[in-house]
Amino acid sequence: MLQEAFDLPSTQILSLYTLASYLATRPQLTVSQERALGASLLICGLKQDNSVGLTARFLGNVLLGKVEMQKGIHAVFKGMPLFWERGYLSRALAVLEGVAASPADVKLSKDSFAFLEDVLQGLSSTSTDSPNSSDSSGEESAGEEERKEEVDEDDQAEREKLSEYDSKFKVMVNELEARGKVDSSNFQNLATDLTQRLLPSLERPDLDQYETLLGGWEVERKQLIQREQETRRMAQEEKQARLAAKAALEQQA
């Protein structure tokens, strides 16, 4: 996914569909996997301003916020094209606020709220544990490259906002429900519906663009082959000229 061209709408839709389908399996993730999935959801979600994109954006921030709370901001940013700034759970709540205030017909899936609720409960239950402890940190014992990150004072200050985030989340859920901004369909169904509606019309322009790109590559390939052949021919002629000159000199001697 990191190699995909996310400027293509069909790629964005397919990526969101794939992520939603995977998340629906409720996978047991290590810290690094949570970070990767959260980053993927966030990056894909930022490309779409519809209900699916906003839900993905919300879930991505939630997962990254979970990693941040457990391991500190350094663990979130490591190896990822993400914001070097604390407060991913706060940004998740900001998505809720944005949807509530939006005049557009956008909603968030109801199951995404349950996802954040589970994360908040899990973080609250482990808030008295060691800063570097985590249920999903078994990857360290498995010999992977991940190491426990030191948590500084700013990370600790962010953790102390957990109860504040929990209270704000409950307020925002009530507000979203009151404004009709909650979709009863789960994230996977929303993504599936979006894919079925939009992908057929998006694929043809993207395929045309790709075929044009392939045509350009083919022309470039032929030009490179021709240049290589010309270079070899010139090199051979120069070699023959040098040999002929050498032979002439030897005959004169």
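The values are calculated or read from the model by the stated rules, or taken from the named source; none is laboratory data. These numbers were taken from a predicted model, which means no experiment stands behind them. Quick reminder, even Gly has a Cβ in these numbers, built from the backbone with ideal geometry, and neighbours come from all protein chains shown.
Brief remarks on what is shown
- The stretch 58-82, subset of a type in the set (D, E, K, R) and in a helix (DSSP H, G or I), residue surrounded by the fewest Cβ atoms within 10 Å (Cβ to Cβ): E68
- A Cβ distance below 8 Å, combined with a sequence gap of six or more or placement on separate chains, defines the contacts here; from the stretch 34-58, residues that are within 14 Å of I13 (Cβ to Cβ) reach residues that are in a helix (DSSP H, G or I) and among the aromatic types (F, W, Y) in the pairs G45/F58; V52/F187; T55/F187; A56/F187.
- Filter result (more than 14 Å from D183 (Cα to Cα) and buried (at least 19 other Cβ atoms within 10 Å of the Cβ)) within the stretch 92-108: A92, L93, V95
- Meets criteria (buried (at least 18 other Cβ atoms within 10 Å of the Cβ), among the acidic types (D, E) and within 23 Å of G180 (Cα to Cα)) for D111: yes
To keep it simple, each residue is scored yes or no on (1) free of Cβ contacts under 8 Å to residues at least 12 places away in the same chain; (2) surrounded by fewer than 13 Cβ atoms within 10 Å (Cβ to Cβ).
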| residue | (1), (2) |
| --- | --- |
| G180 | no, yes |
| N186 | no, no |
| A191 | no, no |
| L194 | no, no |
| R197 | yes, yes |
| S201 | yes, yes |
| R204 | yes, yes |
| Y210 | yes, no |
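- Within the set T25, T55, T30, the sole residue that is closer than 14 Å to N186 by Cα and either in contact with a Ser or Thr (Cβ under 6 Å, 6 or more places away or on another chain) or buried (at least 19 other Cβ atoms within 10 Å of the Cβ) (or both) turns out to be T55.
- Considering the stretch 21-52, and only residues there that are in contact with a Leu (Cβ under 7 Å, 6 or more places away or on another chain) and among the small types (G, A, S), the residue that is modelled with the highest pLDDT turns out to be S51.
- Selection status of F77, without any contact (Cβ under 8 Å) to a residue 12 or more places away in the chain and aromatic (F, W, Y): yes
- Residues located in the stretch 37-52, provided they are aliphatic (A, V, I, L, M) and surrounded by fewer than 24 Cβ atoms within 10 Å (Cβ to Cβ): L37, A39, I43, L46
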